[in-house]
1. Which condition from (1) within 17 Å of the chain's Cα centre (by Cα); (2) not in a strand (DSSP E or B) is the one that residue 87 breaks?
2. List the number of the failed condition for residue 132; all other conditions in (1) at negative phi; (2) part of a loop (DSSP other than H, G, I, E, B) hold.
3. May I ask you to list the residues in the stretch 222-248 that are within 22 Å of residue 5 (Cβ to Cβ) and outside any loop (DSSP other than H, G, I, E, B)?
4. Between 146, 136, which is farther than 22 Å from residue 231 by Cβ and touching a residue at least 12 places away in the same chain (Cβ under 8 Å)?
5. Would you check if residue 96 is at pLDDT below 95, farther than 20 Å from residue 227 by Cβ and surrounded by fewer than 16 Cβ atoms within 10 Å (Cβ to Cβ)?
6. Output yes when any residue across the stretch 189-206 is touching a strand residue (DSSP E or B) at 6+ places or on another chain (Cβ under 9 Å) and either surrounded by 15 or more Cβ atoms within 10 Å (Cβ to Cβ) or closer than 15 Å to residue 144 by Cα (or both), and no when none is.
7. Scan the stretch 182-220 for residues that are in contact (Cβ under 8 Å) with a residue 12 or more places away in the chain and part of a helix (DSSP H, G or I) and jot them down.
8. Could you please find all residues in the stretch 9-30 being buried (at least 24 other Cβ atoms within 10 Å of the Cβ) and more than 26 Å from residue 93 (Cβ to Cβ)?
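The values are calculated or read from the model by the stated rules, or taken from the named source; none is laboratory data. Keep in mind that what you see is a predicted model, and the values were worked out from it rather than measured. Here the Cβ positions follow ideal geometry from the backbone for every residue, glycine too, while neighbour counts run over all protein chains shown.
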């Protein structure tokens with residue numbers, strides 16, 4: 001039996017990068033996939049790839065910084081499939097590096113709104129559905145920046161530290177409700193967001209990693225499958241680190 005057979009999997013930021021890789025991996029494991037992403041996204045290719053794997057799927061528009069958008073996306077998911085089993089809260093942005101002393105307030109507000117407040121909105125309404133149906137699994141996308149400093153990226157690191165705080169509270173408050181919450185903490189991953197960074201920055205990240213390469217989206221996706229499946233049934237507030245040995 002496939003590890004996510006007949007599970008309804010909801011993925012924010014599911015149209016590219018880590019989210020798309022996770023959607024495809026979940027489809028291989030027998031899940032029905034809900035791609036939740038910005039309404040401006042061209043999602044047809046992603047849905048076609050999922051369907052080519054023999055999985056059911058749908059797209060729902062979402063702006064995680066807009067609470068009504070989050071509510072509507074989860075409502076549409078449950079209306080279509082009757083339940084929600086697994087949520088990967090993956091949507092996020094990095095922002096332009098800056099010192100704390102000269103960071104524009106609007107940069108802080110935007111990144112916190114998407115990466116932290118958006119996570120709160122998602123888990124709030126996912127938990128409401130999980131409590132109605134008797135359980136579910138949450139996987140939050142954090143970062144190595146949720147454990148250490150990322151110079152120049154203070155709102156990003158503050159948000160990712162906050163994501164781990166949210167994950168801890170879910171684990172403690174809802175563990176006896178058949179609800180688990182865990183987080184993934186990758187170092188830099190080969191995604192469109194990272195590919196847009198200057199070449200010298202990418203070279204520095206690679207050189208700073210003992211394995212001398214960046215993480216691949218598919219490697220994060222496999223970590224997601226583990227935390228989403230019954231293979232991790234006693235994991236609750238696990239922070240799965242994918243850093244190529246950086247913390248060592």
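1. Answer for residue 87: the failing condition is (2).
2. Only one criterion in (1) at negative phi; (2) part of a loop (DSSP other than H, G, I, E, B) is unmet by residue 132, namely (2).
3. Residues satisfying the conditions are 222, 223, 224, 225, 226, 227, 228, 230, 231, 232.
4. Numbers: 136 fails: farther than 22 Å from residue 231 by Cβ.
Checking each option against the conditions leaves just 146.
5. Numbers: at pLDDT below 95: yes; farther than 20 Å from residue 227 by Cβ: yes; surrounded by fewer than 16 Cβ atoms within 10 Å (Cβ to Cβ): yes.
Yes, satisfied.
6. Filtering the stretch 189-206 down to residues touching a strand residue (DSSP E or B) at 6+ places or on another chain (Cβ under 9 Å) leaves 189-190.
Restricting the remaining residues to those that are either surrounded by 15 or more Cβ atoms within 10 Å (Cβ to Cβ) or closer than 15 Å to residue 144 by Cα (or both) gives 189-190.
Yes, the stretch 189-206 contains at least one residue that is touching a strand residue (DSSP E or B) at 6+ places or on another chain (Cβ under 9 Å) and either surrounded by 15 or more Cβ atoms within 10 Å (Cβ to Cβ) or closer than 15 Å to residue 144 by Cα (or both).
7. 192, 193, 194, 202, 205, 217, 218, 219, 220
8. Listed by number, the list is empty, since nothing qualifies.
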